[in-house]
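Trainee: This is the structure, below, for whatever I ask next.
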Amino acid sequence: MDNLFPIFQVMDQNGNIVSEEHKYLVTEERVKKFFSEMIRIRMFDRKSISLQRQGRIGTYAPFEGQEASQVGTALALKSDDWMFPTYRDHGAAMVFGHSLRNILLFWNGRNEGCVPPDGKKIFPPAIPIATQIPHAAGAAFAEKQKGTKNAAICYFGDGATSEGDFHEGLNFASVFKSPVVYFNQNNQYAISVPISKQMNSATIAQKAIAYDIPGVRIDGNDVFAVYLETERALERARTGEGPTLIESVTWRYGAHTTADDPTKYRDQGDSAVRRMETDPLLRLERWMKNEGIYDEAWVKDIEAKASAEIDAAVQEMEDFPSADPAVIFDYVFEKPTWTIEKQKREYLELIGGEAK
Ligand SMILES: Cc1ncc(C[n+]2csc(CCOP(=O)(O)OP(=O)(O)O)c2C)c(N)n1
Ligand SMILES: [Mg+2]
């Protein structure tokens, strides 16, 4: 099956071009955008890990290593499209215009953090695995029914493809030709479970055959390949051809979340080698150097700007009014049950607070 789904690559790990398909997409302005956004989200990711270590936010899910997959997709979207991220896709959400303060609030356990800026159709990060897949099929179908040209992108991991929701969602999207791009980041682990222990399929892309939709396998660390295939899939969606399944083959360098210890289940030496061999930022840097458009002063400048933006967001997150502990009971059901009311009363008594 891997023969049927070869990995599409435009730029190899040394930054050399291996497919001429990139020609129309590569303008200096666009490449600089790819690179600056990858730096920006990597800096945010690293900062978030240190905030968690200092007890300033809660558990955090890092995405380092997956920047090309997230930036390449987010930049291919149009502003009226929908985004359905998981807990690991806030890099994509940032690039699509989410507020950094709210992303940090989310990781601080605040429901306010789920709210995107006005007019941005970004769903709250899906923590229950694969539940966003049918949601995206439905939201995209609604756009089609309304006669718009808007599409949806739905992110999910390799592990999510073992859930029923994945199959229900893809089936619905295929039958109703929902304009949705199913973007799988195959980082090769579902927490500690390697893909080889989770499925017998040689690829994830081949699962598209069952639903008779296009399936594409790409190098997820090659931002050019990610952008090109996402743009093509979005175009098919907008012109009524329905969904596409993209398998973006990548790797997470760090832990599953800050509550995980990857040394227990994988060889860290191997991970360090993979970083040198596949780092999406290093690869684009090499390409830019080959082209003579890499400029140290420009890189320093984008790092300084990203750092100031991130520091300001941290400050806003920390200045945000503290949480009302009662809200954890408020959104369980539309109308609270008597058991929830009772728990709320007892909890507030326990902590010496008052019900709203
Ligand atoms: C329905 C459901 N089952 C189990 C979990 C626990 N869980 C959280 S993350 C995860 C692994 C998901 O792996 P994958 O889909 O590959 O995404 P990745 O974390 O690698 O980005 C699991 C099993 C969950 N959140 N939801
Ligand atoms: Mg995974």
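The values are calculated or read from the model by the stated rules, or taken from the named source; none is laboratory data. Everything quoted here is computed from the prediction, not taken from an experiment. Positions of Cβ are backbone-derived with ideal geometry, glycine not excepted, and every protein chain shown enters the neighbour counts. The area values use the complete protein model at the heavy-atom level, side chains included, leaving out ligands, DNA and RNA. Shrake-Rupley method; radii C 1.70, N 1.55, O 1.52, S 1.80 Å.
Each row is one residue, and each column tells you yes or no for (1) surrounded by fewer than 24 Cβ atoms within 10 Å (Cβ to Cβ); (2) farther than 23 Å from PHE176 by Cβ; (3) in contact with a His (Cβ under 7 Å, 6 or more places away or on another chain); (4) at pLDDT 95 or above.
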site: PRO85; (1), (2), (3), (4): no, no, no, yes
site: GLY91; (1), (2), (3), (4): no, yes, no, yes
site: GLY97; (1), (2), (3), (4): yes, yes, no, yes
site: ARG101; (1), (2), (3), (4): yes, yes, no, yes
site: LEU104; (1), (2), (3), (4): no, yes, no, yes
site: VAL115; (1), (2), (3), (4): yes, yes, no, yes
site: PHE123; (1), (2), (3), (4): yes, no, yes, yes
site: ALA136; (1), (2), (3), (4): no, no, no, yes
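Trainee: Can you give me the number of residues within region 199-220 that are assigned to a helix (DSSP H, G or I) and surrounded by fewer than 18 Cβ atoms within 10 Å (Cβ to Cβ)?
Mentor: Looking only at that region, the number is 3.
Trainee: If a residue must be within 16 Å of ligand 2 (Cβ to nearest atom) and either among the hydrophobic types (A, V, I, L, M, F, W, C) or part of a strand (DSSP E or B) (or both), how many such residues does region 148-198 contain?
Mentor: Matching residues across region 148-198 total 17.
Trainee: In region 142-160, what residues are in contact with a strand residue (DSSP E or B) (Cβ under 8 Å, 6 or more places away or on another chain) and more than 15 Å from ligand 1 (Cβ to nearest atom)?
Mentor: GLU143, ASN150, ALA151, ALA152, ILE153
Trainee: Can you tell me which residue among TYR189, TYR182 is within 16 Å of ligand 1 (Cβ to nearest atom), within 18 Å of the chain's Cα centre (by Cα), of a type in the set (Phe, Trp, Tyr) and under 18 Å from ALA237 (Cα atoms)?
Mentor: Testing whether each residue is within 16 Å of ligand 1 (Cβ to nearest atom), within 18 Å of the chain's Cα centre (by Cα), of a type in the set (Phe, Trp, Tyr) and under 18 Å from ALA237 (Cα atoms) leaves just TYR182.
Trainee: Restricting region 229-267 to residues that are within 23 Å of LYS32 (Cβ to Cβ) and touching a Gly at 6+ places or on another chain (Cβ under 8 Å), which is surrounded by the most Cβ atoms within 10 Å (Cβ to Cβ)?
Mentor: SER248
Trainee: While we're looking at this one, here's another question. Restricting attention to region 307-328, report how many residues are modelled with pLDDT under 95, in contact with a Leu (Cβ under 8 Å, 6 or more places away or on another chain) and assigned to a helix (DSSP H, G or I).
Mentor: Of the residues in region 307-328, 0 are modelled with pLDDT under 95, in contact with a Leu (Cβ under 8 Å, 6 or more places away or on another chain) and assigned to a helix (DSSP H, G or I).
Trainee: Counting only residues that are in contact with a Ser or Thr (Cβ under 8 Å, 6 or more places away or on another chain) and outside any loop (DSSP other than H, G, I, E, B), which one in region 233-277 is farthest from SER69 (Cα to Cα)?
Mentor: Checking each candidate, the answer is LYS264.
Trainee: Further question on the same structure: Which one is most open to solvent (accessible area, probe 1.4 Å), of the residues in region 278-333 that are basic (Lys, Arg) and more than 24 Å from the chain's Cα centre (by Cα)?
Mentor: Here the answer is LYS300.
Trainee: Could you list, in sequence order, the residues of region 61-80 that are under 16 Å from ILE246 (Cβ atoms) and surrounded by fewer than 24 Cβ atoms within 10 Å (Cβ to Cβ)?
Mentor: Hits for region 61-80 are LEU75, ALA76, LEU77.
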